[in-house]
Each structure stands twice: as structure tokens, then as C-alpha cells.
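Notes to accompany the following structure.
The values are calculated or read from the model by the stated rules, or taken from the named source; none is laboratory data. Values in this document were obtained by computation on a predicted structure and should not be read as measured data. Ideal geometry is used to build each Cβ from the backbone, glycine not excepted, and the neighbour counts take in all protein chains shown. Just so you know, the surface numbers come from the protein's heavy atoms only, side chains and all, with ligands and any DNA or RNA stripped out. Shrake-Rupley method; radii C 1.70, N 1.55, O 1.52, S 1.80 Å.
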Amino acid sequence: MLENGKPPRVIGLGGAVLLNLNGVIGAGIFALPAILYASAGTFAPVAILVFAVFYSCLAAIAAKLSTVFRQSGGPQLYAQHAFGPMAGFMVGWFILCTNMAGRAANFHVLVSYLAAIFPIFDGPIMRPATILLLVATFMMIGIVGTKRSIFAMWAGTTIKLAPLILLCVAGFGVNGLPSEIILPQFSEIETVAILLAYAFSGAGAATVVAGESKEPRRTIMRSIYLNIAIVAILYATIQLAYIVISPDPAQTESPLAAAGYSLLGPVGALIISLAAIFSIATNQLSNFVAMPRIAYGMGRRGLLPNIFTYVSPRFETPAAAIAIYSGIVAVLAMSGTFEILITLGVAVEQLILFIMVGSLLIMWKRNDGGIADEMGLRWALIIPVAVSLIVWLTMQVPASAVLSTSILIVFGLLLYGLSKRRAVQHEPVLLPEKRGS
């Protein structure tokens with residue numbers, strides 16, 4: 001039943017891990033092995049595990065912040081609490097803009113994969129029609145119930161990971177393990193780190209749905225750390241299998257499909273291609289489930305028009321936020337304007353990470369929700385490592401993104417002023433009276 005007009009808490013640890021996992025693993029894993037191997041050679045699997053240790057310092061920031069709140073919103077909520085409503089609105093604006101652009105772009109990628117197997121999908125009418133149908137399908141899955149959405153993700157994740165695991169098992173069974181590891185040149189380490197930063201991004205997606213999670217201050221934190229471990233091991237294993245299979249190095253666009261072809265012929269390539277389709281689809285679905293909760297949470301806290309707070313009495317989901325999110329994604333996909341926003345993704349992500357670190361430091365100083373009571377000496381290492389990684393990644397952002405980000409900020413400030421006029425605060429940012437769930 002709806003509690004004070006809010007969706008029920010139905011997401012457990014498994015569902016939270018699933019959201020994080022599919023927030024990370026999309027189309028990239030099917031292209032990453034060849035690119036990493038070209039840059040790092042046989043050291044690539046080790047590089048993945050080493051980078052995962054450093055990236056876990058970034059993930060630890062989100063994990064620690066998640067132990068304070070029970071509401072949906074993730075980084076947007078943390079910024080609103082630490083820096084005020086305007087900062088909270090801007091972070092939500094940044095996340096939603098770049099995320100919806102990414103979803104629009106991925107629908108084109110998804111249809112391209114479909115068209116590679118079934119050319120009919122690449123027609124001038126069928127391509128846009130298929131994209132609109134996919135958007136409508138994911139919207140309906142998201143609206144008809146959170147439990148149903150999680151079940152759909154379990155099914156899609158199983159279908160996408162099973163062929164990859166089969167590829168690894170077959171590859172090791174036929175070819176064994178590499179006999180040596182050669183360290184890459186220092187000049188190539190930078191390229192490898194950038195690739196892996198992209199590959200691991202999205203690891204804290206479950207923070208956004210804390211308001212619908214069971215025991216969120218335990219569940220979300222655990223799901224983040226579990227997800228980093230699962231993704232690191234999975235990436236490293238797939239990379240190792242790719243190395244031992246040694247497919248055609250010219251097949252850089254679909255290296256895992258080439259690896260499947262090397263082992264099983266055309267059937268192997270087809271199986272991996274189908275896995276790629278399901279991988280992109282479950283990545284899309286996880287975003288359709290999680291990201292509208294940012295808009296819903298902003299509406300509940302008086303940052304967006306009241307329409308975003310509507311929860312379906314029948315399905316117990318934030319139906320209006322999901323529908324509006326889906327509609328904007330459809331418009332971006334049809335118009336092609338998502339390409340403008342895609343270039344902002346890296347710059348915006350680093351900005352949000354900086355804000356999250358700042359939020360943690362402010363809350364630590366104020367001991368909000370008793371968070372300072374659990375901040376041990378290890379954080380004297382974790383925070384500097386996280387900040388150093390963010391600074392280094394920010395230095396890789398092209399100068400052209402600075403101007404685009406500035407324009408995005410200006411539009412965000414204008415929308416903030418307009419949104420406040422139609423907003424109704426249903427609840428403030430809530431802090432716990434004690435640690436725990």
C-alpha cells in the first residue's frame with residue numbers, strides 16, 4: 001500500500017545490486033576488450049583489478065553518504081542537503097540531462113545491433129518506429145510496478161551474462177591461460193585508466209532509489225561494494241578470455257562477437273550479438289527505473305512542479321516522472337539533439353563527484369545523522385585518493401566542454417526559478433535520529 005502517497009519499499013539487496021550492475025554494464029563491455037588489449041596487452045586483466053581498487057575510493061563516497069538517507073535522489077539529495085535547494089536542483093538537472101541524452105543515444109545503438117542481425121530494422125521508417133516502440137515498452141515496464149521491473153532486469157541480466165560466461169569457460173577450456181604478462185609502456189597507462197573510468201561509471205545507481213529500498217542505509221552501501229567486486233571480476237575474466245582466444249584483431253567494433261566466431265563459428269558470433277542486445281536493453285531499463293526517481297524526489301522536496309510527485313495508486317510507482325522522463329528521451333532520440341549533450345557527460349560527471357566529496361566533508365564536519373561517528377582513519381586515505389582521481393579525470397575533459405557546461409548551468413538556473421513557482425514541498429530532506437535502517 002502507498003505510504004503517505006509514496007511508493008512502497010520493495011527493493012532488496014539483490015535488486016539494488018542488479019540496478020548498479022546494469023547501470024555499469026551496457027554496450028561498452030562488448031567493445032572494451034579489444035581496446036584495452038591494444039593499449040595494455042596481457043596486463044589488461046590486472047589493470048582492471050588495480051583500477052577497481054582506486055575506483056572503489058570514489059564508490060566509497062557514495063556508499064558512505066547512502067548510510068544517512070532513506071529518501072530517493074542519490075547525489076541530488078546529498079547536494080540539496082549539504083549545499084541547499086539551488087545546488088540540489090542543479091545536480092539533479094545535470095544528471096537528468098546527460099542521462100536522458102545517453103539513453104537516447106543508446107536506443108540508436110540498440111537498433112543498430114538489431115539491424116545487424118535483422119536488416120529490416122535499419123529502414124528509414126522502421127528505425128524511428130522501433131526506437132519509439134522500445135521507449136514505450138521500457139516506460140510501461142517501469143510504470144507497471146517496481147517488482148516487475150526488477151524481475152525483467154533479472155531475466156535480461158541472465159540472458160546477457162550467460163553467453164559471456166560461456167565464452168569465458170569455452171575460451172579457457174580450449175586455450176588455457178596466458179603464459180606471461182607484459183607490462184604496458186607508461187605512456188599507455190593514461191589511456192587505459194580513462195577507458196576503465198568510463199567502464200566503471202554508474203556503479204552507484206541504486207542510491208537514486210533509496211526511497212523504495214528495504215533498509216536503505218544498509219542495503220545501498222552493501223550493493224555498491226558488491227557491485228564493484230562483481231564488475232571487476234567479470235571484466236577481468238572476460239578480458240582474460242579474450243586474450244587467450246586471440247580473435248581477429250581487426251574486429252575492434254565487435255571483438256567479443258569475433259571471439260565467439262573463433263570458438264563456435266557463426267553461431268558463436270550470433271549468440272554474443274544477441275547478448276549485446278540484451279545487455280544494452282537491461283542497461284536502458286535500469287535507467288528507466290532509477291533516473292525518474294531523481295525527478296520524483298525533487299518534486300517531493302519542492303524543486304520540480306508538483307506533477308512529478310504523482311504516484312499511480314494501482315501500480316505504486318512514480319508514473320508521472322517515468323512518463324515525462326520517457327517522453328523527453330523519445331524527443332531527444334528522434335531529434336538527434338542528444339549528441340550535443342553527450343559531449344557534456346564526462347565534464348558533468350566529474351563536477352558531480354566533486355560535489356559529492358564536498359557533501360561528505362560538510363556532513364562529516366556537522367556530524368549529520370551521526371556520520372562522523374563512523375569516519376575512521378581510513379578516510380584520511382580514501383578521500384585524498386578519490387579527489388586525486390577526480391582531478392586527474394577532470395584534466396582529461398576537453399576545453400570545449402567547459403563552455404557547454406556553462407550554458408547548461410545558465411539554463412538550469414533559469415529552470416530553477418521557473419520550477420519553484422509550480423512546486424509544492426511534500427517533505428524536507430529527512431535525517432535519521434540514529435544510525436541503522
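General remarks:
- P(r) of the chain over all Cα-Cα pairs, binned every 10 Å from zero, in whole percent: 4, 21, 32, 27, 12, 3, 0
- Taking all Cα-Cα distances within region 1-97, those exceeding 21 Å account for 55%.
- Its Cα centre serving as origin, the chain has a Cβ charge dipole (Lys and Arg +1, Asp and Glu -1) of approximately 1540 debye.
- Cα centroids of region 17-35 and region 269-297: 10 Å apart.
- Axis angle, to the nearest 10 degrees, between helix 400-422 and the longest C-alpha principal axis of the chain: 40 degrees.
- Atom-type composition of the exposed protein surface of the chain places 69 percent of the accessible area on carbon and sulfur (1.4 angstrom probe).
- Accessible area in square angstrom per residue, the chain, 1.4 angstrom probe: 43
- Scalar couplings 3J(HN,Hα) for region 14-29, obtained by applying the Karplus form with A = 6.51, B = -1.76, C = 1.60 to θ = phi - 60°, are x, x, 5, 4, 4, 4, 5, 4, 7, x, 8, 8, x, 7, x, 4 Hz; x denotes Gly and Pro.
- Under-5 Å amide H pairs with residue 316, H placed in peptide plane, nonlocal only: none
- In Hz, Karplus ³J(HN,Hα) per residue of region 282-290 (6.51, -1.76, 1.60; θ = phi - 60°; x = Gly, Pro): 6, 4, 4, 4, 4, 6, 5, 7, 7
- Note on residue 368: accessible area approximately 20 square angstrom, rounded to 10, probe 1.4 Å, nucleic acids and ligands left out.
- Rolling a 1.4 Å probe across all protein chains gives residue 64 an accessible area of roughly 20 Å².
- Per-residue HN-Hα couplings for region 75-81 [Karplus 6.51, -1.76, 1.60; θ = phi - 60°; Hz; x = Gly/Pro]: x, 5, 5, 4, 5, 4, 5
- Candidate lysines for bridging to residue 147, where Cα separation is under 25 Å - those fewer than 8 sequence places away on the same chain excluded: 6, 160, 214
- Relative contact order, whole percent, for region 1-105 stands at 9, derived from Cα pairs under 8 Å and 6 or more residues apart.
- Folded to 0 to 90 degrees: helix 126-143 orientation relative to the chain principal axis, Cα: 50
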